[in-house]
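The values are calculated or read from the model by the stated rules, or taken from the named source; none is laboratory data. Values in this document were obtained by computation on a predicted structure and should not be read as measured data. No Cβ is skipped: glycine too gets one built from the backbone with ideal geometry, and neighbour counts run over all protein chains shown.
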Amino acid sequence: MIIGVDFDNTIVSYDGIFHRVALERGLIPADLPQDKTTVRNHLRQLGREPDWTEMQGYVYGPRLIDAQAYPGVLDFFKAAVKQGIEVRIVSHKTKHPFLGEPHDLHAAAWGWLEANGFFDPARIGMRRDQVFLELTKESKHQRIGTLGCTHFIDDLPEFLLDPGFPAGVERVHFDPCGTAKPENGLRSAQSWPQITSEFLTNPAVLELARSVLPGDDAIQLKPVSGGANNRIFHATGTSGEVIIKAYHHSNADQRDRFAAEQRFYHLCLPQTAKTLAWDAENRLGAFSVIHGRKLSADEVTEEDVQQCIEWICGIQQTRQHHEATDVAQAADVCLSIEDHISLVERRVKRLLETGEDHGEFRSFVSEALAPHLEDMAARVREEAGALLDVPLPMEHRVLSPSDFGFHNALKDDAGRLWFFDFEYAGWDDPAKLLCDIFCQPQVPVSIAYAETFVQAMQQSSGDESLPARFKLLLPLHAAKWACILLNEFLKTDADRRRFAGLQDRRADQLEKARAMLALSISFC
């Protein structure tokens, strides 16, 4: 992660100083609100645009030293440097003002940074070669790209939305006045404490790392990309390395991912990371590091499939252990045919009622996805008949890792698979587990392996009706995954993605949802 930050009106707040200078010059009444925009608009209304332009050069020059940093911004930079997160300051700033005295605006900016401790190791500790003052907007764009910034924070949405802005950089609109327009697709933040909480590490993460790497005072934390709901950190020190996982939680989404994963790990599963410590208060877990690589869909072999089957069936051997009784029901548990139908109906309804007013999204859900689900639901209810509401007996339920597949696996150099991410795990219908394996979109499993999976799970669970139930429910769960892909259009899910540090993916997710709907239709 490399976070780029604009300087003027993003790090430095000019509200107070512009008001003070305007008063000193007798340009405004004393009771005028103390913000830069109000001062500017007042002078423009009086036809005093030249006074405003000349005053800008004076404020950005010799009076810059009197300007204040936005609350929390110095703490952000100090914490980022301490945590080893790369930060850069990139500003579009002319060398001299357009009107008035030829003040050296670059020298003023360097002086302000110096005075506020940016280059003092005892305060913030940045290097001077991490600050770039660019003469043009175009060179600022270019600098952001050549630095490899993963994120850029700026107060001007028009700069972030400019066609010249480098692709692949997450654009963060610093919006202290709360004027952001959601339809522009920018991620927005109204304060630096908010940015700090979303981008930087909770101090408890470092404390947990120290607790499992005792005696190590030189621990470095590096964010790990890939998680869609949580934040992952790789902690390294002279005594070893660990993975720290911070679990998302909010009042809008009461699902306890931390507790679900902790209980599932208590089963002492093979081919998973070793749990080293838990911090329930801060919702953190510490794990051993798995050294392996992700698989793409075209790399999945029959041997890999067999490892998945053996691992899932192996979990069921712990069914009678006392740890298994502590495992709760899986997220979105389905214990009857009607439960499966209702689950998907609720997801479609939520998209229709609380999704964004995005034209293509709205038309896809209302004109394609919802009608397809209505037809499927009627067919499944008819075929289920008297068994529609009959609950699945406990002896046929399975311990399900949920959201299971090769997307949550790493393959080591010896060809062994290691599995992770059990925050939705719990007791569930084996048919749902199987449907999700073949509908999961990140690293899809060929439907050619369905019979092998179903037979193994049927033998493990003793459920003779499993093959027929899997075939009946497969199209329904493909439609469910189309809904999951569209969660980017829901605020609660967008907040989780933001917590995890992901970019706006709505357009891509909509296309994937179209493909998943086509898969559902093919399964019918």
Mind listing just one residue for me: the one in the stretch 443-495 that is closer than 30 Å to residue 367 by Cα and aromatic (Phe, Trp, Tyr) and, of those, farthest from the chain's Cα centre (by Cα)?
-> 470
Being under 25 Å from residue 130 (Cβ atoms), in the same structural domain as residue 169 (by TED's automatic domain parsing) and in contact with a helix residue (DSSP H, G or I) (Cβ under 9 Å, 6 or more places away or on another chain) narrows 42, 106, 19, 96 down to just 96
Kindly provide the set of residues from the stretch 1-26 that are at pLDDT 85 or above, assigned to a loop (DSSP other than H, G, I, E, B) and aliphatic (A, V, I, L, M), ordered by number.
-> 11
When both residues are 6+ apart or on different chains and their Cβ atoms are under 6 Å apart, which pairs have a first residue that lies in the stretch 242-263 and is among the basic types (Lys, Arg), and a second that is at pLDDT 75 or above and assigned to a loop (DSSP other than H, G, I, E, B)?
-> 245/230; 257/247; 257/423; 263/326; 263/327
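Per-residue answers, yes or no, for (1) more than 24 Å from residue 458 (Cα to Cα); (2) assigned to a helix (DSSP H, G or I); (3) of a type outside the set (A, V, I, L, M):
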residue	(1), (2), (3)
282	yes, no, yes
303	no, yes, yes
307	no, yes, yes
320	no, no, yes
324	no, yes, no
Of the residues 348, 333, which single one is of a type in the set (A, V, I, L, M), surrounded by 13 or more Cβ atoms within 10 Å (Cβ to Cβ) and either assigned to a helix (DSSP H, G or I) or at positive phi (or both)?
-> 348
Quick one: would you say residue 430 is surrounded by fewer than 20 Cβ atoms within 10 Å (Cβ to Cβ), closer than 18 Å to residue 342 by Cα and either in contact with an Asp or Glu (Cβ under 8 Å, 6 or more places away or on another chain) or assigned by TED's automatic domain parsing to the domain that holds residue 338 (or both)?
-> no
Residues being in contact with a Lys or Arg (Cβ under 7 Å, 6 or more places away or on another chain) and assigned to a loop (DSSP other than H, G, I, E, B) - total across the stretch 284-295 | 3
Restricting attention to the stretch 115-127, does a residue exist that is surrounded by fewer than 16 Cβ atoms within 10 Å (Cβ to Cβ), out of contact with any helix residue (DSSP H, G or I) (no Cβ under 9 Å at 6 or more places or on another chain), closer than 16 Å to residue 9 by Cα and not hydrophobic (A, V, I, L, M, F, W, C)?
-> no
Hits in the stretch 55-77 - residues which are in contact with a Pro (Cβ under 9 Å, 6 or more places away or on another chain) and buried (at least 17 other Cβ atoms within 10 Å of the Cβ) | 56, 57, 58, 60, 61, 70, 76
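Suppose we filter the stretch 95-105 for residues that are surrounded by fewer than 17 Cβ atoms within 10 Å (Cβ to Cβ) and at pLDDT 90 or above; how many remain? Please lay out each step first, then the result.
Our first condition is that a residue be surrounded by fewer than 17 Cβ atoms within 10 Å (Cβ to Cβ); within the stretch 95-105, this holds for 95-96, 98-102, 104.
Still in the running and at pLDDT 90 or above: 104.
Selection size over the stretch 95-105: 1.
Yes or no, residue by residue, for (1) aliphatic (A, V, I, L, M); (2) part of a loop (DSSP other than H, G, I, E, B); (3) without any contact (Cβ under 8 Å) to a residue 24 or more places away in the chain:
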| residue | (1), (2), (3) |
| --- | --- |
| 28 | yes, yes, yes |
| 41 | no, no, yes |
| 52 | no, no, yes |
| 56 | no, no, no |
| 71 | no, yes, no |
| 81 | yes, no, no |
| 84 | no, yes, no |
| 88 | no, no, no |
Given the conditions (1) more than 23 Å from residue 154 (Cβ to Cβ); (2) in contact with a His (Cβ under 9 Å, 6 or more places away or on another chain), and given that residue 57 satisfies all but one, which numbered condition is not satisfied?
-> (1)
List pairs: first in the stretch 454-480 and within 16 Å of residue 344 (Cα to Cα), second of a type in the set (D, E, K, R) and in a helix (DSSP H, G or I), Cβ under 8 Å, 6+ apart or cross-chain?
-> 472/383; 473/432; 477/432; 477/436; 480/347
How many residues are over 12 Å from residue 161 (Cβ atoms) and over 19 Å from the mean Cα position of the chain (by Cα) if we restrict to the stretch 181-190?
-> 0
Residue by residue through the stretch 264-280, note down the ones that are under 23 Å from the mean Cα position of the chain (by Cα) and touching a residue at least 40 places away in the same chain (Cβ under 8 Å).
-> 273, 279
Residues (surrounded by 13 or more Cβ atoms within 10 Å (Cβ to Cβ) and of a type in the set (Lys, Arg)) located in the stretch 20-44 = 20, 36, 40
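Of 386, 370, which residue is loosely packed, with under 13 Cβ neighbours inside 10 Å, of a type in the set (A, V, I, L, M) and more than 30 Å from residue 264 (Cβ to Cβ)?
Just one listed residue meets the conditions, 386.
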Scope the stretch 186-225; condition surrounded by 14 or more Cβ atoms within 10 Å (Cβ to Cβ) and at pLDDT below 75; matching residues | 201, 202, 216, 223
Matching entry among 159, 165, 152 (being in a strand (DSSP E or B), in the same structural domain as residue 11 (by TED's automatic domain parsing) and more than 30 Å from residue 289 (Cβ to Cβ)) = 152
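Does residue 171 fit the bill of being under 19 Å from residue 8 (Cα atoms), crowded, with 17+ Cβ neighbours inside 10 Å, among the basic types (Lys, Arg) and not assigned by TED's automatic domain parsing to the domain that holds residue 280? Break it down into steps so the answer makes sense when it comes.
Values: under 19 Å from residue 8 (Cα atoms): yes; crowded, with 17+ Cβ neighbours inside 10 Å: yes; among the basic types (Lys, Arg): yes; not assigned by TED's automatic domain parsing to the domain that holds residue 280: yes.
Taking the combined requirement at face value, the residue satisfies it.
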Determine which single condition residue 329 fails, assuming it passes every other condition in (1) more than 30 Å from residue 381 (Cα to Cα); (2) touching a Phe, Trp or Tyr at 6+ places or on another chain (Cβ under 8 Å).
-> (1)
Any hit, the stretch 52-61, residues being touching a Cys at 6+ places or on another chain (Cβ under 9 Å), polar (S, T, N, Q) and in the same structural domain as residue 7 (by TED's automatic domain parsing) | no
